[in-house]
Ligand SMILES: Cc1cc2nc3c(=O)[nH]c(=O)nc-3n(C[C@H](O)[C@H](O)[C@H](O)COP(=O)(O)OP(=O)(O)OC[C@H]3O[C@@H](n4cnc5c(N)ncnc54)[C@H](O)[C@@H]3O)c2cc1C
């Protein structure tokens, strides 16, 4: 099958005005770290065929990525090792470059491959975008970007920051028939590499700055594309059928826990959406899940792509900033430092349990994430510091951290993003409020706390 007819070119855009040249095609893999169901890889295959030149994959490892810790690198490296093997079986080598990608990628492309075209995947976050700007300038050939993460390419879904889920939903639904399409099988043809690149020694690539606490659960997520597929299969078989009604109950096991696989691009959201849509689950469950996976997730990319201040209070809606400012001097009943939050040392057993889940497993149930962030607002000296603390802790411990979904989720909880004004109250102003008795109406809080207490943070000496 010819890859040319397989990739809708609206998924791609050029990041410079330079031409394709005779030379190797390099896929600079970044956000979408998989060999299957990957439109950026498919487009690179297409280029390789078109130019009649070999294809190779390069992954750049920046010194320290937004506070990522060993837990993240471990999950990522194990997934990438699996991807490397899968690509090698196809005849596509994968090479890792360490250092500033803005320098290492163009140097490698020019000196080692004589690149004819470079293809990369898409992220709306500032740091990868700044790398791409520099790479686009330094390369002598075309740099293409392919949105392999979203179902509808983010730049096509909308060209402005959307107001809320209700404003982006009709746009995404209108484009879904064109983009929520099956992946080609067999995937694509390309020119195998004639160059023999040495295998990557993943265990020697380290350099993470901090020590993680020991993991606390026997049922931690296994990294990689295959483990992600297995988790998806289990969820469709066991959790999905309760999704519409029971997803807000952290004890129910009715959420997918796919976010780390989606964050590292070990699974494609489009593939997950197609698998769920084609499952025998009741329509209400399929639709409720696709609302989160498709609409909410792509709304988060839309926000970060169109608002450079996605992780600062000053980037939040005017009404929210002004109501929070009006309540900046309100007395806080409890005040905690970032360390007290980090070590789950608040007066609230439910909050401490949620923090314990995050620290010991790298995950926190989605409903509790909202409660967790709103209480950080309530118990911090200012909304600005609350925003910072929530981001630091989420990015440090959540396996799916440093993601547009995280910045957006925190902005929603603390600063009214994609939400509306509610009744005015102390500290929160008109930001939507949540409390523990609301949680108790939704689920068995005592049971949840007991489960997390068993994981414990005490006495582990980190
Ligand atoms: C304060 C706060 C912080 C958050 N931090 C992150 C984060 O760092 N990374 C992250 O991926 N998500 C984050 N979320 C969004 C959401 O809570 C998680 O995506 C979800 O809980 C992941 O669990 P799951 O895979 O079992 O979700 P499921 O309920 O099974 O949903 C399936 C998928 O849909 C997407 N999704 C679900 N809920 C949301 C949502 N509210 N917004 C956007 N996409 C969603 C995710 O990709 C998720 O994996 C955060 C939300 C809040 C309120």
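The values are calculated or read from the model by the stated rules, or taken from the named source; none is laboratory data. Not measured: the values here are computed from a predicted model. Counting neighbours? That spans all protein chains shown, and the Cβs are built from the backbone with ideal geometry, glycine included.
Points worth noting:
- Options 85, 130; residue that is surrounded by fewer than 20 Cβ atoms within 10 Å (Cβ to Cβ) and within 18 Å of residue 37 (Cβ to Cβ): 85
- Residue in segment 390-410 that is within 10 Å of the ligand (Cβ to nearest atom) and over 27 Å from residue 128 (Cα atoms) present: no
- Identification of helices (runs of 4 or more DSSP H) wholly contained in segment 357-462 with 2 or more residues that are over 22 Å from residue 69 (Cα atoms) and modelled with pLDDT under 95 yields 436-442, 445-455.
- In segment 239-266, the residues that are touching a residue at least 60 places away in the same chain (Cβ under 8 Å) and farther than 17 Å from residue 361 by Cα form Cβ pairs under 6 Å with partners that are part of a loop (DSSP other than H, G, I, E, B) and within 10 Å of the ligand (Cβ to nearest atom), at six or more places apart or across chains, as follows: 247/254; 247/255.
- Failed criterion for residue 248 (all others in (1) near the ligand (Cβ under 10 Å from one of its atoms); (2) under 24 Å from residue 149 (Cα atoms) hold): (2)
- In segment 103-184, counting only helices (runs of 4 or more DSSP H) that sit wholly within it, the ones holding 1 or more residues that are without any contact (Cβ under 8 Å) to a residue 24 or more places away in the chain and under 19 Å from residue 305 (Cβ atoms) span 126-138, 165-179.
- Among the residues of segment 267-290, those identified as within 12 Å of the ligand (Cβ to nearest atom) and either without any contact (Cβ under 8 Å) to a residue 24 or more places away in the chain or assigned to a loop (DSSP other than H, G, I, E, B) (or both) are 267, 268, 290.
- Positions within segment 88-120 being within 25 Å of the chain's Cα centre (by Cα) and surrounded by 24 or more Cβ atoms within 10 Å (Cβ to Cβ), in sequence order: 101, 105, 118, 119, 120
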